[in-house]
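What follows is a set of notes on a single structure, which appears directly below.
What follows is calculated from the coordinates using simple rules that are stated; it is not laboratory data. Please read all numbers here as calculations on a predicted model, not as lab measurements. Cβ: placed from backbone, ideal geometry, glycine included. Neighbour counts: every protein chain shown.
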Amino acid sequence: MSLLETNFRPVVAPSALDIPSCSRVVPAWYAPAKRTIDVTVAAAGLLTTAPILAAAMVAIMVVTGDGPLFRQERVGAGGQRFMMWKLRTMVRNAHALRQQICHLNEVDGPVFKVRRDPRLHRLGRFLRRTSIDELPNFVNVLLGDMSIVGPRPPLPEEVASYDRRAMRRLSVKPGVTCLWQISGRSELTFDQWMDLDATYIEAWNPLTDLLIIARTIPAVIRGVGAH
């Protein structure tokens, strides 16, 4: 039995994406400060949640008889694609089954969200409700693909439907948490989501990152919009 399931397509160079550049000029120390926060929080997060992560992996294997780890191609800063790590919350071939349940989509815009997605395995809803499925994202932060705070990384097919406003999300590194994550997540409209990402891109600094990180813990406990 393999520990890993992957929704893998060869990672190819991104097509010429019209990604609006951010005209904002930030102090030179912002970038190294952000990276320091990223590495510190990701390393601490992996260490402190290791027992939870290990227990979840074992539970997934027991319940599903399948591998607990899942890699999926996402789009990061500058349109570069990378493989994002998560705990597997769905049955095998869930991506291929999406066409059969398109009519169940509960959100607007080029995204797909279903509150009671029939593709979730028995533990899937709990893992998503508690955001435990996203703990392996810390590995992507340490690898430099993601930041702790930033717009959530989209799927390639979502980016293909982006307008110029939404494309601006790709001007910064994607994150594990963001303003959308602490403001209601899937309870918000796509336009509200894009507004929050735009607000972050225009105003972020190391202090706001720390404040968003601090607000993420109670937001995860409440679980509003997590599905």
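One table, with the values for the structure above:
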quantity	calculated
Long-range neighbours under 9 Å by Cβ, at least six apart or interchain, first residue under 19 Å from ARG92 (Cβ atoms) within the stretch 108-120, second aromatic (Phe, Trp, Tyr) and buried (at least 16 other Cβ atoms within 10 Å of the Cβ)	none
Filter result for GLY144 (on the phi > 0 side of the Ramachandran plot and in contact with a Ser or Thr (Cβ under 8 Å, 6 or more places away or on another chain))	no
Residues located in the stretch 158-182, provided they are over 15 Å from the mean Cα position of the chain (by Cα) and of a type outside the set (Phe, Trp, Tyr)	ALA160, SER161, ASP163, ARG164, ARG165, ALA166, MET167, ARG168, SER171
Unmet criterion (only one of (1) more than 22 Å from VAL26 (Cβ to Cβ); (2) exposed (fewer than 15 other Cβ atoms within 10 Å of the Cβ)) for GLU158	(2)
Subset of the stretch 188-211 [surrounded by fewer than 20 Cβ atoms within 10 Å (Cβ to Cβ) and under 27 Å from THR36 (Cβ atoms)]	LEU196, ALA198, THR199, ILE201, GLU202, ALA203, ASN205, PRO206, LEU207, THR208, LEU210, LEU211
All helices (runs of 4 or more DSSP H) inside the stretch 76-181 with 3 or more residues being of a type in the set (Lys, Arg)	124-129
Those residues of the stretch 59-107 which are closer than 19 Å to VAL176 by Cα, of a type outside the set (A, V, I, L, M) and free of Cβ contacts under 8 Å to residues at least 60 places away in the same chain, in sequence order	TRP85, LYS86, THR89
Every residue from the stretch 18-51 that is part of a loop (DSSP other than H, G, I, E, B), touching a residue at least 24 places away in the same chain (Cβ under 8 Å) and not β-branched (Val, Ile, Thr)	ASP18, PRO20, SER21, CYS22, ARG24
Some residue of the stretch 51-71 being within 16 Å of the chain's Cα centre (by Cα) and within 30 Å of ARG168 (Cβ to Cβ)	yes
Complete set of residues in the stretch 182-227 that are farther than 27 Å from VAL25 by Cβ, in contact (Cβ under 8 Å) with a residue 24 or more places away in the chain and not in a loop (DSSP other than H, G, I, E, B)	ARG185, SER186, GLU187, PHE190, ASP191, THR216, ALA219, VAL220
Residue among ARG128, ARG185, ARG152 that alone is touching a His at 6+ places or on another chain (Cβ under 7 Å), within 24 Å of ASN105 (Cβ to Cβ) and buried (at least 18 other Cβ atoms within 10 Å of the Cβ)	ARG128
